1. At 0.36 nm per residue, minus the direct Cα-Cα distance, what do K348 and A286 gain on full extension? Give it in nm, one decimal, please.
2. Give the whole-number value, in cubic angstrom per residue, of the convex hull volume spanned by the C-alpha atoms of the chain.
3. Across bins of 5 angstrom width beginning at 0, how are the C-alpha pair distances of the range 351-457 distributed, in whole percent?
4. Can you tell me how the range 106-176 classifies by the Cα gyration tensor, rounded, prolate or oblate, using a/c under 1.5 as the rounded cut?
5. Karplus couplings for the range 275-285 from phi (6.51 cos²θ - 1.76 cosθ + 1.60, θ = phi - 60°), rounded to Hz, Gly and Pro as x?
6. Can you tell me the 0 to 90 degree angle between the C-alpha axis of helix 98-114 and the longest principal axis of the chain, rounded to 10?
7. Among rounded, prolate and oblate, which fits the range 310-354 when a ≥ b ≥ c are the square roots of the eigenvalues of its C-alpha gyration tensor, a/c under 1.5 means rounded, and a/b larger than b/c means prolate?
8. Quick check on the range 167-311: what does the Kirkwood estimate of hydrodynamic radius come out to from the alpha carbon pairs, in Å?
Amino acid sequence: MPPLRSWMAVSTANLTRYLPNCIQSSGQLTISTHYGDTEAFGVFPDWQRQLSKFASTQDRLREWVPSVREKIQQFSCITIAMLDIDGFRFDKATQVTVDAQAEYGEFIRQCARRVGKDNFFMPGEITGGNTFGSIYLGRGRQPDMLPENLTVAVTLTNDSPHKYFLRDKGKNALDAAAFHYSIYRSLTRFLGMDGNLTAGFDVPVNFVDTWNTMLSTNDLTNAFTGEFDPRHMYGVTNQDVFRWPAVKDGVKKMLLGLFVTTLHMPGVPLLLWGEEQAMYVLDNTADNYLFGRQPMSSTLAWQDHGCYRLGSSQYFEFPADAALNGCNDESVSLDHRDPTHPVRNIIKSMYHLRRNYPVLNDGSWGVMRDKFSNVQYLEGGNQSVWLVYQNDRKRIKYKFDCSSKKFALISQFDAGTVVKNLLAPYEELKLETSPEKLGINFSEEFNGCLQELTLGP
């Protein structure tokens, strides 16, 4: 059995004082059906979002009641059998009672197996911080249940000791985050936005530290295969956030963000329709909820209302640019299904790299994408990739000192290796000798170094 979950003991008097909708019955506390209400936006504790209704409009499903949950499960199973779907995406997943979500998940996976679906995928929307979201991922994990090191973390299976999990074997709730808001919040900061960009008890901002934190705090074991299978879904935009091309230098920022979500972070890259066409019109009607939902087909409405003037209450000095003049852009009202759009071609080239270099699709991690030593062997090759990028607003010619351990730009490749940019303009650079022997992939040579490197904005 997994460890007993214990909670802070509080007196009945204190509970009824702070939770007036609790009633006492035979010495027990029962929550009445008044769940409270939380506005759609703003900053609130995770537990308040979890327990309340969203924006006065979305009632709780009462899935914690077994008879209600059984009906939801049966209708979901019928949907799988009749429509031949391969997964569910749960909106506002953390407003579902977590143990009920796990019971539901176990039932649905058994249902999917009966119709030959052996990898039914169930990601969910997790808007809170990582510590809170980790309770919902897989069999759940608390901060006092972390694996001893990363090797232990990636070799956990369904049969690993219960001390690493909140729930019993088979009680997997969500498989992954459907749009990883922790990564999105880090991206907004990384790409130059300013404002309220954090959530409580979340991952670090640095993407390498973020991934290492996820490895230890998230249960990323596949419920079907019993093996490590990170499937978090990463994007730079979704239907509930602004479109990057709407702001100053937004297309460049979006492409750098797509580099992170497509090539840097292990998992599943996401796109919102229109990203590949650099759509930029914002059609929200409140300054605390920015989004762009322009259709791909031709329409006059988005041009008519395409000159955005609301600003943003979330971002400090929101740098709106193209979004200010959409009503004067005749191309806004045209059809947007253009297979030759340059942004689409760049995105396609990133996807092509994921196919050609398996480490970019399934490998781990950080600025060196590689297989996890002694754990992974990737079909199609194990060539590692060195990720080099910057987020400065201007072109910079960096100079390094290859004789210094402190001031050298050290590569994972050996000195003398010719490295080639996998993205345009595909330039080649020869690595000089650094003072380090890192022993990567059992190499006994000095690691390579670049004396200088020019990176654009």
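1. Numbers: separation 62, 0.36 × 62 = 22.32 nm, distance 3.40 nm.
Once the chain is fully extended between K348 and A286, it gains 18.9 nm.
2. Values: hull volume 83.7 nm³, N = 457.
About 183 Å³ per residue, rounded to a whole number.
3. Per 5 Å bin, starting at zero, the Cα-Cα P(r) for the range 351-457 comes out as 2, 12, 18, 23, 20, 15, 7, 2, 0 percent.
4. On the way: a/c = 2.20, a/b = 1.43, b/c = 1.54.
It comes out oblate by the Cα gyration axes.
5. 4, 6, 10, 6, 4, 9, 5, 9, 10, 6, 10
6. 80 degrees
7. oblate
8. Working: mean 1/r = 0.0595 Å⁻¹.
Answer for the range 167-311: a Kirkwood hydrodynamic radius of 16.8 Å.
Bear in mind that the values in this text are calculations on the coordinates, not laboratory data. Every value quoted in this text rests on a predicted model; they were computed, and no experiment measured them.
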